[in-house]
Amino acid sequence: MGNYSRFVIDLNRPADDKPLYSTATTGLYPNVLFNGDPSFLPGKAPDEQERAGYLQQIWRPYHQQLQDELARLKAQHGYALLFDAHSIASVIPRLFDGKLPDLNLGTNDGASCAAALSDRLVTCCERQQQFSHVLNGRFKGGYITRAYGKPAENQHAVQLELAQVNYMSEQYPFAFDAVRAEPLQRLLSQMIDSMVDWGAQQR
């Protein structure tokens, strides 16, 4: 789990800061918020030396630990599953038109996990009517999904971009809403259970 704001350094972007999307996005060191406003007050943005430190002290250790854990799981079980969960406001005109689906699953257009696994997750979503969903829509998976999803090596990665409106207020003070969250928690538990059950069949 990442312990630093993406506005310090975005762990879901490549170290070389190469864009992952052709549309509007944010980079390794985001200078603007999702709505396009500056991330920092004038003159307060970290300089290149500070940001190089973030790369060495935060980004690289995080990814090394993630790689080590995936290797440990594969050594123990013969396969590894990565569910990379994020959340985002449901309406961000700079990034996408209209309102985002509630659950946005990404597998890099099928390159990061077996189709049978993503099919299971989609089936979980289709069994309920409360939350909308899409597979490989606006969000197809960030760096983590693309870098560590290697189905040919029995290592499967799926990204979830979750619309925040389903479990919290999207306006200040951004309060958690336990009533709204409860049915979403049930669905997410079902998705994880289905993913784990599928993995157990790969031994």
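The values are calculated or read from the model by the stated rules, or taken from the named source; none is laboratory data. Just so we're clear, the structure is a prediction, and the values are computed from it rather than from any experiment. Virtual Cβ from ideal backbone geometry, glycine too; neighbours counted across all protein chains shown.
Residues in segment 62-90 that are surrounded by 14 or more Cβ atoms within 10 Å (Cβ to Cβ), in a helix (DSSP H, G or I) and of a type in the set (A, V, I, L, M): L66, L70, L73. Checked against the criteria, G149 does not count as surrounded by 17 or more Cβ atoms within 10 Å (Cβ to Cβ) and in contact with a helix residue (DSSP H, G or I) (Cβ under 8 Å, 6 or more places away or on another chain).
Looking at segment 177-203, which of the residues that are of a type in the set (S, T, N, Q) and modelled with pLDDT under 95 is surrounded by the fewest Cβ atoms within 10 Å (Cβ to Cβ)?
Q201
If you go through segment 10-48 and keep only what is in contact with a helix residue (DSSP H, G or I) (Cβ under 7 Å, 6 or more places away or on another chain) and touching a residue at least 40 places away in the same chain (Cβ under 8 Å), you end up with L11, N12, R13, P14, A15, L20.
Put simply, of L117, L105 the only residue that is surrounded by 17 or more Cβ atoms within 10 Å (Cβ to Cβ), over 13 Å from the mean Cα position of the chain (by Cα) and under 22 Å from R186 (Cβ atoms) is L117.
On the basis of being surrounded by 15 or more Cβ atoms within 10 Å (Cβ to Cβ) and either closer than 22 Å to R138 by Cα or not small (G, A, S) (or both), does N12 make the cut? Taking the combined requirement at face value, the residue satisfies it. One residue alone among N154, N166, N136 is touching a helix residue (DSSP H, G or I) at 6+ places or on another chain (Cβ under 6 Å) and not β-branched (V, I, T), and that residue is N166.
Keeping to segment 104-141, report how many residues are on the phi > 0 side of the Ramachandran plot and at pLDDT below 95. Going through segment 104-141 one residue at a time, the tally reaches 0. Just one of the numbered conditions (1) under 22 Å from R186 (Cα atoms); (2) modelled with pLDDT under 95; (3) not acidic (D, E) is not true of F96: (1). Say we look at segment 120-178 and pick out the residues that are of a type in the set (D, E, K, R) and under 23 Å from T25 (Cα atoms); which of these is farthest from the chain's Cα centre (by Cα)? Taking the candidates together, the pick is E170. Does G98 qualify as being on the phi > 0 side of the Ramachandran plot and either touching a residue at least 40 places away in the same chain (Cβ under 8 Å) or part of a helix (DSSP H, G or I) (or both)? The answer is no for G98. For first residues located in segment 64-81 and within 16 Å of M195 (Cβ to Cβ), partners that are of a type in the set (D, E, K, R) and part of a helix (DSSP H, G or I) and lie 6+ apart or on another chain with Cβ distances below 6 Å form the pairs A80/K74. Would you point out the residue of segment 15-55, among those that are over 18 Å from G142 (Cβ atoms) and exposed (fewer than 10 other Cβ atoms within 10 Å of the Cβ), that is modelled with the highest pLDDT? Result: Q49.
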